[in-house]
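J.: Let me give you the structure first, and then I'll get to my questions.
The values are calculated or read from the model by the stated rules, or taken from the named source; none is laboratory data. No experiment lies behind these values; they were computed from the predicted model shown. Side chains included, ligands, DNA and RNA excluded: accessible areas come from the protein's heavy atoms. Shrake-Rupley method; radii C 1.70, N 1.55, O 1.52, S 1.80 Å.
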Amino acid sequence: MFENYKFTAADRFLKYVQVDTQSDPLSSSQPTTEKQKDLGKVLAEELRQIGLGDAHMDEFGYVYATIPSNSSKRCRSSAFAHM
């Protein structure tokens, strides 16, 4: 799955910190600014590039993707996120 992904963690970090994700403390919306979704778009695209075909961002800026199991055992799925 990851063999075509050539970026290092440092490369990705430097790319992410260039995205303006400043919030608006006076806003009542989630996210508080539309530009906060720009990082989610980058992340969803990177997930698709590494082979997670269902990667997407919803209207609230949450990014979702399914990572296939590497176990033959029946396991519960789980989710985690933080941007």
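J.: What are the residues in the range 1-54 that are assigned to a loop (DSSP other than H, G, I, E, B), open to solvent by 90 Å² or more (accessible area, probe 1.4 Å) and closer than 30 Å to Asn70 by Cα, if any?
T.: Phe2, Glu3, Asn4, Lys6, Phe7
J.: Counting only residues that are assigned to a loop (DSSP other than H, G, I, E, B) and open to solvent by less than 90 Å² (accessible area, probe 1.4 Å), how many does the range 55-74 have? Spell out how you get there, then give the answer.
T.: Filtering the range 55-74 down to residues assigned to a loop (DSSP other than H, G, I, E, B) leaves 55, 58-62, 65-74.
Among the residues that remain, those that are also open to solvent by less than 90 Å² (accessible area, probe 1.4 Å) are: 55, 58, 61, 65-66, 68-69, 71.
Total satisfying the criteria: 8.
J.: Of Asp20, Asp38, which residue is over 14 Å from the mean Cα position of the chain (by Cα) and of a type outside the set (A, V, I, L, M, F, W, C)? Outline the logic, then answer.
T.: Numbers: Asp38 fails: over 14 Å from the mean Cα position of the chain (by Cα).
Of the residues listed, the single one that is over 14 Å from the mean Cα position of the chain (by Cα) and of a type outside the set (A, V, I, L, M, F, W, C) is Asp20.
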